[in-house]
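Notes to accompany the following structure.
The values are calculated or read from the model by the stated rules, or taken from the named source; none is laboratory data. Bear in mind the structure is a predicted one, so any value in this text is a computation, not a measurement. Note: ideal-geometry Cβ built from the backbone for every residue, glycine included; neighbour counts use all protein chains shown. Each accessible area value is taken on the protein alone, full model and side chains, heavy atoms only, with ligands, DNA and RNA left out. Shrake-Rupley method; radii C 1.70, N 1.55, O 1.52, S 1.80 Å.
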Amino acid sequence: MKQNDYTATGNLLKIYLRNNKVMTSLLILLPFLFAYAAAASNMAILQTPDQLSTYIRENQGNLLLGSIVASSIAGATIWRIRLSTVIITSILSIVLIINNTRKDEDQGRLELLRAGAVGPKASLTAVLIKVFCANSLGGLAMGLGFIAAGFPAVGSWVAGLASALCSCSFAAMAAIAAQVAPNARLARGLSFGALTFFFVCQILANVAGNMSLMLWTPFGWCAYARPFAGENFWLFAFAIPAIALLTAIAYRLDDRRDMGGSYLRERGGRVYARKSFKSPLALAWRQQRDMLFVWVAAYVVMGLIIASLVPKINTMLEGTAFLPGLSAILGGPGRAFLAILAYILTQVLTAYAIMAILRIREEESMTRTELVLSSAASRVRYAAGHLLIAFIGSAAAIALFGFCIGDFASCIARLPVVWLIASVTAFLYGFAPRAAAPVSWGVFGALILMEFLWEIKVIGNNVFALSPFSWVYPGLAVSFPSIFTMLLMAAVLVGLGLVFFSRRDIISE
């Protein structure tokens, strides 16, 4: 280790703190807001011991969120928000890490910085300091939110710090992905793939009912720490060294590669193109197929895993009071669990559709679109190729998942909501390309946040009804008029996006 490897780390940290201020602020503020809002909501709703015991009994068998280990309002509150909070903060951490490492490297910014008096490890160090500190402050803010609501201080701090360590672990994984992947797009894909893998591990640990398995998935760390239920401080003895090890691996990988290099090499193309490679759709397929295959394969694997566990899930939930209202509508707790899981994966699939459409913007910002359009290809055909793959790819993923778990019809019925939200991205790309990415992800994040606030009773049904996700929520019959309305709105937005794109200038970074 050389001291000059870290030259100008402080200066870069100041630059990174000025960038992405909204996402950094969300990392700090959202845990506090979630903690205090959920605590205040539960204290207002669960005012008697009977109400609390009924709430715990009805949610005790939840295979997504795990068990409620503390028979108190504090225990029920942390149980409700621990997974949602760390998923959101982990996604924000991944995006921040990739944007300030591999994306800056792809666009040549990092090379310009290193041409000056900047150490080779300064950039990675600065962004890790920023994200780790933001998550730590967010964990402390969560603890303060619980304490402000009147919960015990020790359990509050343990809950906040365990959640912060989970987000930091995914930030470290994203730092590894930034070294391994040849571009920012694949680095994000690997990072979100790791997040999805550990989410499935969390479900498997809940199905097995083994608390020790929670230690091996960051999503289970908060449950393993047992806040408000006789805190288990051994978690920190495992989680902190694990994050340190992941960070050390990221530094080691960074040492062994050149600027712009990677450990996963992009496959070279043919000397002569195939005869079929003569249309904008063929080009879009060549650019999008790897990510499409990964997402479809991931959904098929998850479907097969869940399908193999269905008999055990039905046995575990048989005779329980798991979500009695939804279970009565769908015909049992097992079907209620599958419906909730399919709904969550529909939301996740929306992120794929947004990323696939934003690939057009990435090509434009790198001046590649201008080269393609200088040939005989029309703008509409060029953009339509990427849109077609985004829509068909999302349909293939959710359809195969539904086929695997034996719930094909309900999964397909939720597909229009994916297309509707993705069509907002298509419209923004045509109308305001520079705002397409931040506004698209902002809208998606706002819809997820709206649902979370609705579930903890902070906002009412009338507000949640504004979200397209509310139209396909588990337990609601998705009617043909609603499907037709969503498809019509999506078609209008896509059409407007294509019209605007055909009439505007090509805008690079």
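Name, by its number, the condition in (1) more than 28 Å from the chain's Cα centre (by Cα); (2) in contact (Cβ under 8 Å) with a residue 12 or more places away in the chain that does not hold for Y16.
(1)
When segment 131-158 is examined, which residues are found to be aromatic (F, W, Y) and in a loop (DSSP other than H, G, I, E, B)?
F151
Considering each residue of segment 367-399, count those that are open to solvent by 40 Å² or more (accessible area, probe 1.4 Å) and β-branched (V, I, T), and give that number.
3
Mind counting the residues in segment 172-186 that are within 17 Å of V131 (Cα to Cα) and either in contact with a Lys or Arg (Cβ under 6 Å, 6 or more places away or on another chain) or of a type in the set (D, E, K, R) (or both)?
1
Under 9 Å between Cβ atoms, which residue pairs at least 6 apart in sequence (or on different chains) link something in segment 425-440 that is without any contact (Cβ under 8 Å) to a residue 24 or more places away in the chain with a partner that is open to solvent by less than 30 Å² (accessible area, probe 1.4 Å) and part of a helix (DSSP H, G or I)?
Taking only residues 6 or more apart or on different chains, the pairs are A435/L428; V439/T425; V439/L428.
How many residues are over 16 Å from the mean Cα position of the chain (by Cα), under 19 Å from L338 (Cα atoms) and in contact (Cβ under 8 Å) with a residue 40 or more places away in the chain when one looks only at segment 289-301?
2
Quick one: which helices (runs of 4 or more DSSP H) sit completely within segment 409-509 and have at least 2 residues that are within 30 Å of Y382 (Cα to Cα) and under 23 Å from the mean Cα position of the chain (by Cα)? It would help to see each step written out before you state the result.
Values: elements: 415-431, 433-455, 461-464, 480-503.
Answer list for segment 409-509: 415-431, 433-455.
Identify, from the list L253, L235, the residue that is over 30 Å from G393 (Cα atoms), surrounded by 12 or more Cβ atoms within 10 Å (Cβ to Cβ) and touching a Phe, Trp or Tyr at 6+ places or on another chain (Cβ under 6 Å).
Working: L253 fails: touching a Phe, Trp or Tyr at 6+ places or on another chain (Cβ under 6 Å).
Within the list L253, L235, the selection yields L235.
Spot the failing condition for P227; the list is (1) open to solvent by less than 30 Å² (accessible area, probe 1.4 Å); (2) part of a helix (DSSP H, G or I), and only one is missed.
(2)
Which residue pairs have Cβ atoms under 8 Å apart, sit 6 or more places apart or on different chains, and have a first residue in segment 69-89 that is closer than 18 Å to I147 by Cβ and a second that is surrounded by fewer than 20 Cβ atoms within 10 Å (Cβ to Cβ) and of a type in the set (D, E)?
Note: pairs meeting the criteria are R80/E455.
Please count how many residues of segment 13-57 are in contact with a helix residue (DSSP H, G or I) (Cβ under 9 Å, 6 or more places away or on another chain), in a helix (DSSP H, G or I) and open to solvent by 60 Å² or more (accessible area, probe 1.4 Å).
Counting residues in segment 13-57 that are in contact with a helix residue (DSSP H, G or I) (Cβ under 9 Å, 6 or more places away or on another chain), in a helix (DSSP H, G or I) and open to solvent by 60 Å² or more (accessible area, probe 1.4 Å) gives 12.
Based on this model, can you work out whether E362 counts as of a type outside the set (A, V, I, L, M), open to solvent by 50 Å² or more (accessible area, probe 1.4 Å), touching a Ser or Thr at 6+ places or on another chain (Cβ under 9 Å) and under 30 Å from E105 (Cα atoms)?
Working: of a type outside the set (A, V, I, L, M): yes; open to solvent by 50 Å² or more (accessible area, probe 1.4 Å): yes; touching a Ser or Thr at 6+ places or on another chain (Cβ under 9 Å): no; under 30 Å from E105 (Cα atoms): yes.
Spelling it out, it is not the case that E362 is of a type outside the set (A, V, I, L, M), open to solvent by 50 Å² or more (accessible area, probe 1.4 Å), touching a Ser or Thr at 6+ places or on another chain (Cβ under 9 Å) and under 30 Å from E105 (Cα atoms).
Can you tell me how many residues within segment 169-183 are open to solvent by less than 10 Å² (accessible area, probe 1.4 Å) and outside any helix (DSSP H, G or I)?
Summing the residues that are open to solvent by less than 10 Å² (accessible area, probe 1.4 Å) and outside any helix (DSSP H, G or I) in segment 169-183 gives 1.
Yes or no: F500 open to solvent by 20 Å² or more (accessible area, probe 1.4 Å), closer than 18 Å to A356 by Cβ and touching a residue at least 12 places away in the same chain (Cβ under 8 Å)? Walk me through it before giving the result.
On the way: open to solvent by 20 Å² or more (accessible area, probe 1.4 Å): yes; closer than 18 Å to A356 by Cβ: no; touching a residue at least 12 places away in the same chain (Cβ under 8 Å): yes.
For F500, the condition - open to solvent by 20 Å² or more (accessible area, probe 1.4 Å), closer than 18 Å to A356 by Cβ and touching a residue at least 12 places away in the same chain (Cβ under 8 Å) - is not met.
Residue check, R361 against (1) in contact with a Pro (Cβ under 9 Å, 6 or more places away or on another chain); (2) over 24 Å from A477 (Cβ atoms); (3) at pLDDT below 75, all met but one. Which one?
Going through (1) in contact with a Pro (Cβ under 9 Å, 6 or more places away or on another chain); (2) over 24 Å from A477 (Cβ atoms); (3) at pLDDT below 75 one by one, R361 breaks only (3).
Answer yes or no as to whether E111 is in a helix (DSSP H, G or I), modelled with pLDDT under 90 and buried (at least 21 other Cβ atoms within 10 Å of the Cβ). It would help to see each step written out before you state the result.
Working: in a helix (DSSP H, G or I): yes; modelled with pLDDT under 90: yes; buried (at least 21 other Cβ atoms within 10 Å of the Cβ): no.
Answer is no for this residue.
Kindly list the number of the only condition in (1) at pLDDT 90 or above; (2) within 26 Å of S93 (Cα to Cα); (3) aromatic (F, W, Y) that fails for W454.
Status for W454: all satisfied but (1).
Failed condition for M486, given (1) open to solvent by 50 Å² or more (accessible area, probe 1.4 Å); (2) on the phi < 0 side of the Ramachandran plot, with all others met?
(1) is the only condition that M486 fails.
Do we have S25 as polar (S, T, N, Q), under 19 Å from P152 (Cβ atoms) and without any contact (Cβ under 8 Å) to a residue 40 or more places away in the chain here?
Values: polar (S, T, N, Q): yes; under 19 Å from P152 (Cβ atoms): no; without any contact (Cβ under 8 Å) to a residue 40 or more places away in the chain: yes.
When the stated conditions are applied, S25 does not pass them.
Quick one: count up the residues across segment 215-224 that are open to solvent by 60 Å² or more (accessible area, probe 1.4 Å) and among the β-branched types (V, I, T). Lay out the reasoning, then the answer.
Residues of segment 215-224 that are open to solvent by 60 Å² or more (accessible area, probe 1.4 Å), as a first pass: 216.
Narrowing further to those that are among the β-branched types (V, I, T): none.
Adding up the residues that qualify gives 0.
Confirm whether F337 is modelled with pLDDT of 90 or more and part of a helix (DSSP H, G or I). I'd like the intermediate steps shown before the answer.
Values: modelled with pLDDT of 90 or more: no; part of a helix (DSSP H, G or I): yes.
In short, no.
Give the residue, chosen from A244, A208, A248, A273, that is more than 26 Å from the chain's Cα centre (by Cα), surrounded by fewer than 20 Cβ atoms within 10 Å (Cβ to Cβ) and among the aliphatic types (A, V, I, L, M).
Working: A244 fails: more than 26 Å from the chain's Cα centre (by Cα); A208 fails: more than 26 Å from the chain's Cα centre (by Cα); A248 fails: more than 26 Å from the chain's Cα centre (by Cα).
After ruling out the rest, the residue left standing is A273.
Give segment 154-177 a look and list any residue that's in contact (Cβ under 8 Å) with a residue 24 or more places away in the chain, over 24 Å from R188 (Cβ atoms) and among the hydrophobic types (A, V, I, L, M, F, W, C), or say none.
So the first thing to find is which residues in segment 154-177 are in contact (Cβ under 8 Å) with a residue 24 or more places away in the chain, and the list is 154-156, 158-177.
With the extra rule that they be over 24 Å from R188 (Cβ atoms), the set shrinks to 154-156, 158-162.
Within segment 154-177, V154, V158, A159, L161, A162 qualify.
Let me confirm something: among F151, F132, F146, which residue is touching a residue at least 12 places away in the same chain (Cβ under 8 Å), under 20 Å from R18 (Cβ atoms) and out of contact with any Leu (no Cβ under 8 Å at 6 or more places or on another chain)? Give the derivation first.
Numbers: F151 fails: under 20 Å from R18 (Cβ atoms); F146 fails: under 20 Å from R18 (Cβ atoms).
Checking each option against the conditions leaves just F132.
Residues to consider are L186, L128, L161; find the one that is at pLDDT below 90 and assigned to a helix (DSSP H, G or I).
Working: L128 fails: at pLDDT below 90; L161 fails: at pLDDT below 90.
Exactly one of L186, L128, L161 is at pLDDT below 90 and assigned to a helix (DSSP H, G or I), namely L186.
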